[in-house]
Amino acid sequence: MCMASNNSSAIESIFSRASVRSYSEEKISRKTVEGLLDAAVRAPSAMHLEPWAFVVVSDRELLKALSDRAKPLFLEKLHHAPASFSDPDFDVFHGAGTLIVICAKPSTFSEADCWLAAENLMLAACSMGIGTCVIGSSVDAINLSKTELGIPAEFEAIAPIVIGYPAVKTEPSSRKTPNILAWR
Ligand SMILES: Cc1cc2nc3c(=O)[nH]c(=O)nc-3n(C[C@H](O)[C@H](O)[C@H](O)COP(=O)(O)O)c2cc1C
């Protein structure tokens with residue numbers, strides 16, 4: 001779980017954030033989600049295009065249907081996918097009650113812009129005691145379900161992120177030291 005306290009510094013959030021894969025039943029309010037989206041759109045974007053657009057899914061049945069669609073697609077895509085993807089009970093969204101999908105109309109740097117917005121959102125959430133996890137394994141299922149999700153055809157889902165109040169504390173995982181190739 002994010003260990004940063006409310007109004008913690010950016011550096012505290014960076015060093016305490018961890019992907020959360022166990023969530024409480026407590027819903028994240030619409031106002032809180034809106035606050036996270038406000039933080040997301042503070043990200044830099046190439047040529048100030050701000051290409052991102054958001055879809056919020058909190059309908060549990062829809063989340064379940066998406067998870068069930070995502071698993072076979074991911075197994076097909078990634079032959080060494082974890083065994084959990086073959087488990088009918090496995091929820092790719094880890095039981096989170098809210099999924100935020102960051103989408104964009106494809107352009108030169110739209111993916112980079114969306115991922116920067118994603119990190120802003122996750123660090124802001126961390127500073128508020130809210131857990132997050134990127135769910136890359138759901139992106140194909142989301143893009144095949146655009147109509148159902150209200151994503152216009154010309155947009156692509158880029159960064160699916162679940163959010164929720166953590167049920168358990170997750171410690172940050174280790175990192176390799178920075179690989180500095182040159183310093184001239
Ligand atoms: C592009 C991307 C896709 C990811 N997809 C998944 C996913 O499908 N399911 C999941 O549980 N975690 C997913 N993650 C989370 C990573 O597993 C996690 O960030 C990584 O193990 C490092 O752990 P940390 O986030 O706790 O620091 C994804 C992360 C990224 C950046």
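Listing for the model above:
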quantity: Accessible area per residue, Å², region 10-164 with all protein chains present, probe 1.4 Å; calculated: 50
quantity: Region 41-53 - phi-based ³J(HN,Hα) in whole Hz, Karplus 6.51/-1.76/1.60, Gly and Pro as x; calculated: 6, 7, 5, x, 9, 4, 6, 6, 6, 6, x, 5, 9
quantity: Exceeding the 29 Å Cα-Cα cut-off - candidates K64/K176; K71/K146; K31/K77; K27/K77; K64/K169; K31/K176; calculated: K64/K176; K31/K77; K27/K77; K31/K176
quantity: Region 2-72 - percent of accessible surface contributed by carbon and sulfur, probe 1.4 Å; calculated: 54
quantity: ³J(HN,Hα), Karplus 6.51/-1.76/1.60, whole Hz, each residue of region 146-156, x for Gly, Pro; calculated: 4, 4, 4, 8, x, 9, x, 3, 7, 9, 10
quantity: Solvent-accessible area, 1.4 Å probe, carbon plus sulfur percent, for region 95-145; calculated: 62
quantity: Most to least packed among 96-105, 74-83, 137-146 [average Cβ atoms within 10 Å]; calculated: 96-105, 137-146, 74-83
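The values are calculated or read from the model by the stated rules, or taken from the named source; none is laboratory data. From a predicted model like this one, the values you see are computed outputs, not experimental measurements. Heads up, the Cβs are rebuilt from the backbone with ideal geometry, glycines too, and the neighbour counts pull from every protein chain shown. Surface areas here come from the heavy atoms of the whole protein model, side chains and all, with no ligands, DNA or RNA. Shrake-Rupley method; radii C 1.70, N 1.55, O 1.52, S 1.80 Å.
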